[in-house]
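What follows is a set of notes on a single structure, which appears directly below.
Just so it is clear, none of the values below were taken in a lab; they were calculated from the coordinates. On a predicted model such as this, the values are computed, not experimentally measured, just so you know. With ideal geometry, Cβ positions are generated from the backbone for all residues, glycine too; neighbour counts draw on all protein chains shown.
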Amino acid sequence: MAEYHDRQEFELANWPEMRKMVNDLASLVYSERNVTSQFKSELFTMASLSSGCTHCQSHGAFGLQAMGVETERIQAIWLYETSDLFNDAERAALDLVRAAAQSPNETTPEHFEELRKHWTSDQIIEILAVNCLAGWLNRWNDTIATVTDQESVDWATENLSEVGWQAGKHGIGAPDEQRKGHPRSVGWVKN
């Protein structure tokens, strides 16, 4: 595997104004409006799963755990189509996000037909916003192979390996490249 040299110089922290704007956008997207923060975090994890960014998968899953979500429910995101822990409305939203996070985008009119059976237009906008935020973060972190913080890697390894999660390129790096902690733990986002 090729090495990523000096990836820290490409971290978002090196552009403080952009980092603030991304954090502000994340705070707005995750605010409690018409879709719960928990479900938004589940959608973020699905978008990250669909795009392949294991860094964001571990962050989404660890964030859910920090919110008090049961590990079984978090693991079920990987198996949502058949899990009885998700209802038809949640499956419709997860289906859309899974398709929308693909490149090229795989959404169809049928996704929206199914969504409209369960969600209002305002709720669908929130669902789309989570997907778009995840896409931005997935692309940034996956491109530079951000070295994931140890607490998120440890939690994901212990709890998500059985559903197929692996750190991949995000678990390889020098200790000084590793993030200091999950964004909630280090105060980048509000709990």
Two decimals is fine: what's Rg over Rh for region 36-177, C-alpha atoms, Kirkwood radius as Rh? 0.97
Charged-residue dipole, Cβ positions (Lys, Arg, Asp, Glu), region 36-177 about Cα centre, Debye nearest 20: 340
Please sort 144-150, 15-21, 89-95 by packing, taking for each peptide the average over its residues of neighbouring beta carbons within 10 angstrom, highest first. 144-150, 89-95, 15-21
Efficiency of FRET between Asp24 and Arg91 - r from beta-carbon atoms, R0 22 angstrom, step 0.05: 0.10
If you rank Arg73, Arg116 by fewest surrounding Cβ atoms within 10 Å, what's the result? Arg116, Arg73
Which one, Ile124, Thr146, Ile74, projects farthest toward the positive side of the charge dipole computed for region 70-148 from Cβ point charges (K/R +1, D/E -1)? Thr146
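From Cα pairs below 8 angstrom and at least 6 apart in sequence, can you work out the relative contact order of region 36-177, rounded to a whole percent? The partial results should precede the final answer.
On the way: 155 pairs, mean separation 47.2, N = 142.
Reported as a whole number, the value is 33 percent.
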What is the packing order of peptides 133-141, 30-38, taking the mean over residues of other C-beta atoms within 10 Å and listing the highest first? 133-141, 30-38
